[in-house]
1. Take the Cβ-Cβ distance between TRP122 and GLU3 as r, set R0 to 35 Å, and report the resulting FRET efficiency rounded to the nearest 0.05.
2. Between ALA140 and ASP74, what is the label-to-label distance in nm when each label sits 7 Å out along the Cα-to-Cβ direction?
3. At what distance in nm do the modelled label points of ILE182 and GLN44 sit from each other, each positioned 7 Å from its Cα along Cα→Cβ?
4. Express in nm, to one decimal, how much length is gained between GLU33 and ARG84 on full extension, taking 0.36 nm for each residue of separation and deducting their alpha carbon distance.
5. Determine the percent antiparallel among the DSSP beta bridges restricted to the range 7-104, to the nearest 5.
6. Mind listing P(r) for the range 1-114? All alpha-carbon pairs, 10 Å bins, whole percents.
Amino acid sequence: MSEQLDWTSETTTLGAIELWERNPKYMPKDRAERLLNSWDEMGQYQTIAVGPDGTCHDGHQRVNVLRAAGRPTDYPVKVLRSNRPLTAAEQERIVIESSVGTVGTLNWDALSGWDAGKLQDWGLDASTLTTWGEQYGELAAFMGAEEEVDYSDFDEELAALDGYEENNIILTVPEMYREQVIDWLSNGESKTAPGLGKGVMRRCGLL
């Protein structure tokens, strides 16, 4: 049985970190620019996880952005260093859990009173909404979603059903995203159900 993992906070240099070549995550240019701006203005409030030999376990994009920005190899960065090398399964697990598996979900009601302009500056913008839409379809496909169905003739589909039950669906969306969400739905961009958006919008009286 492997020794229990333990992590020690320390400072190392940018050049001492070795990126994991199988890292599946990437960062678009606009997010990279935002990350660098945040780093310069807010400092390093997120650590980088590394192994005993400096192999990066989490924080690949932060390392990439700093290097692309020309920070020297002796540039100091805060890291959490593991007491032993991670197994292949542990490395894969930490990469996913640190992104989606063990992170919080935004409460949109709580955010409704925040400054919309600042929220967009910080990353809650149309680009993020588009990315979420794309990733939804990719995740559904990855999980083995059923064969795609064309719901563009939604009313006709319902008329053909015997004894179907209608349900009201309420979508709570921040005002700053209202137009983008309507556009997304009306264009049926869900990869798992092309045209479903238009059918839903028609049934809601929005088209």
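1. On the way: r = 39 Å, r/R0 = 1.12.
About 0.35, to the nearest 0.05.
2. Each label point is offset 7 Å from its Cα along the Cβ direction, giving 5.4 nm.
3. Roughly 4.6 nm, to one decimal.
4. Numbers: separation 51, 0.36 × 51 = 18.36 nm, distance 3.34 nm.
Extending this stretch completely gives an extra 15.0 nm.
5. On the way: 9 of 13 bridges.
Within the range 7-104, antiparallel bridges account for around 70 percent of the total.
6. 12, 41, 33, 12, 2
Every read-out reported here was derived from the displayed coordinates using simple, explicitly stated rules and does not represent laboratory data. Every value quoted in this text rests on a predicted model; they were computed, and no experiment measured them. Positions of Cβ are generated from backbone atoms using ideal geometry, with glycine treated the same way; all protein chains shown enter the neighbour counts.
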